[in-house]
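See below for the structure under consideration.
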Amino acid sequence: MMTATSSSLIQRVCSVPLARAVRTRAMAVVSMNLSTTPAPSQALRADSRVLLGLSEPELQQLALDLKQQSYRGKQLHHLIYKRKIKDIQDFSQVPLAFRNELEEAGWKVGRSPIYQSVTAADGTVKLLIKLEDNRLIETVGIPVKDEKGVMRLTACVSSQVGCPLRCSFCATGKGGFSRNLKMHEIVEQVLAIEEIFNHRVTNVVFMGMGEPMMNLKSVLAAHQCLNKDVQIGQRMITISTVGVPNTIKKLASHKLQSTLAVSLHAPNQKLRETIVPSAKAYPLSALMKDCRDYFVETSRRVSFEYALLAGVNDAVEHAVELAELLHEWGRGYHVNLIPFNPIEGSEYRRPSKKAVQAFAAALESNRVTVSTRQTRGLDADAACGQLRNKFQKSPLPIDSDNLQPEEDVAVAC
C-alpha cells in the first residue's frame, strides 16, 4: 500500500478529473458498459489478436494451437513483458516459422510508438503515445528517491482518450473525449515508462486522462495484467475516481487490495456541484455512503483527493467542514491535498503556500490524516491533458508517421 508520504510525492501531473454534469444519456451509457463487467480472462479475449495482455498460460495455449511446444508460450511471455520486444519478427528466441505463423494469423504485440517526450528538471517524464487510430494519450513517469537513495518509480496512466466529464479546471476535458482505452493500451503505458527510465515501475496510479470507472472493464483487466504479468503488487496500484454512480460498489465486489482514491474537492454538496457538476447526479451523501460500504466490503481505507483552488475551497472553514464530513461517515480516512496545477485559459488559481499549510493544519487539528502532494513536473505541461492539447484535439492525419515530432525536450524550471 502506498504510504501517506509516498502518496504526497506523486504529482497530479495528470489530475483526477473533476467532472461535468453527467446527462441522462451519458449515465445510460455508463450503466450499459458497467452492468456486465466480464472476468479479466474474458476481457483479454476482446483484443483477440494482441499478444500484450495475455497471461503466460494463455500464451502457452496459443503456442499449442499453432502446433508449437507449450514452452514457446513461456518464451513469448518473457519477450513481451521482460524484454519488451515490440515486433514479432524481433522475437529471435523463437523459430522464424513460429513468428511467421503468428503474423499470418493476424497477431501483433500491441505496442505503440512514443510521439513526444518531455522531461522536467526534477526528472518527471511525460510521454505522448500514438495509438493505432492516431489518437494521442499521456502517461507520466515520476521518479522519487527515498532517504536511502532507493528510487521509487510511479507510472501515472490514462484510462481513456480524453475525458467525457469535461472538468471545469481539467485540461483533459478541454481536449474532448474520443474513446475508452483497451486493456493493452493501458498496460503498454507502464512498459513505456520502464523503458524510458530503464527501471522497474514500482507504483501505478490510474490518475491520467479519463475517468477509470467509466472504463472499468479494461481497467480491471489491465490491473490483473499489471499485477500478474508485469508483477506490480496490488497494494502498489491506486485507482482514482471522481465518483460515478454504482461503480464503487462494483469495484468493491472484486475485493482488490489496491487503493481507491476519490476526488472530493469540496466539503459540502452545494460547493461540490460548482466544482464537480456531475455531483448533481451523485450526491455527496450517496458518495460517502458508498465509500463507507467500500471499506466494510474490502477492509481497504479510502483516500480522498482534494484539489485546492485559491479563493474557492481552500479556507480554514472548508477544512473544518471537511473534517466533520469525514468523521460523520467513518474513521481512518486520509486526505491528499493537491494545490491546483495552473492550466492555460483557466479562471482558477493556485493557492499560496501559507493557505495550503493552514488548510492542512486545520485538518490535523481535527484528527484527520493529511498529506500535501509535492509539485512535480510543473515545467513540463504538468496538468493532465496539457501536452496532448498542444498536439491534438482530433486524430492525427493518417500519414502522421511522416510527421517529425519535436525531439525530447529537457525543460528547466
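The values are calculated or read from the model by the stated rules, or taken from the named source; none is laboratory data. Computed from a predicted model, the values in this text were never measured in an experiment. Here the Cβ is made from the backbone with ideal geometry for all residues, glycine too, and neighbour counts use every protein chain on show. Just the protein is used for accessible areas: all its heavy atoms, side chains included, with ligands, DNA and RNA removed. Shrake-Rupley method; radii C 1.70, N 1.55, O 1.52, S 1.80 Å.
Here are the numbers for this structure:
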read-out: Members of region 73-108 found to be hydrophobic (A, V, I, L, M, F, W, C), outside any helix (DSSP H, G or I) and either in contact (Cβ under 8 Å) with a residue 40 or more places away in the chain or within 24 Å of Asn198 (Cβ to Cβ) (or both), listed by number; value: Ile85, Phe91, Ala105, Trp107
read-out: Count - residues of region 132-164 that are part of a loop (DSSP other than H, G, I, E, B), within 19 Å of the chain's Cα centre (by Cα) and basic (Lys, Arg); value: 1
read-out: Residues that are assigned to a strand (DSSP E or B) and either among the hydrophobic types (A, V, I, L, M, F, W, C) or at pLDDT below 95 (or both), drawn from region 241-262; value: Leu260, Ala261, Val262
read-out: Condition met for Gln231 (within 25 Å of Arg83 (Cα to Cα), out of contact with any Ser or Thr (no Cβ under 7 Å at 6 or more places or on another chain) and among the polar types (S, T, N, Q)); value: yes
read-out: Breaking point among (1) open to solvent by 10 Å² or more (accessible area, probe 1.4 Å); (2) outside any helix (DSSP H, G or I), for Leu271; value: (2)
read-out: Residue that is open to solvent by 40 Å² or more (accessible area, probe 1.4 Å), within 18 Å of Ile196 (Cβ to Cβ), at pLDDT below 95 and among the small types (Gly, Ala, Ser), where the choices are Ala39, Ala121; value: Ala121
read-out: Residues located in region 207-245, provided they are within 21 Å of Ile275 (Cβ to Cβ) and open to solvent by 20 Å² or more (accessible area, probe 1.4 Å); value: Met214, Pro245
read-out: Enumeration of residues in region 251-268 that are under 18 Å from the mean Cα position of the chain (by Cα) and open to solvent by 50 Å² or more (accessible area, probe 1.4 Å); value: Gln257
read-out: Criterion (modelled with pLDDT of 95 or more, over 30 Å from Pro143 (Cβ atoms), open to solvent by 30 Å² or more (accessible area, probe 1.4 Å) and of a type in the set (Gly, Ala, Ser)) met by exactly one of Ala26, Ala105, Ala46, Ala63; value: Ala105
read-out: Conditions (1) of a type in the set (Ser, Thr, Tyr); (2) over 19 Å from Ile338 (Cα atoms); (3) in a strand (DSSP E or B): number failed by Thr238; value: (2)
read-out: Considering residues of region 278-301 that are open to solvent by less than 30 Å² (accessible area, probe 1.4 Å) and in a helix (DSSP H, G or I) only, the residue farthest from Val312 (Cα to Cα); value: Thr298
read-out: Residue check for Ile129: outside any strand (DSSP E or B), of a type in the set (A, V, I, L, M, F, W, C) and closer than 26 Å to Arg200 by Cβ; value: no
read-out: Which listed residue, of Ser168, Ser158, is crowded, with 24+ Cβ neighbours inside 10 Å, among the small types (Gly, Ala, Ser) and either more than 20 Å from Pro113 (Cβ to Cβ) or at pLDDT 95 or above (or both); value: Ser158
read-out: Identity of the residue in region 321-350, within 23 Å of the chain's Cα centre (by Cα) and aliphatic (A, V, I, L, M), that ends up farthest from Met288 (Cα to Cα); value: Ile343
read-out: Residue match in region 254-264 (condition: in contact with a helix residue (DSSP H, G or I) (Cβ under 9 Å, 6 or more places away or on another chain), over 22 Å from Ser371 (Cβ atoms) and hydroxyl-bearing (Ser, Thr, Tyr)); value: no
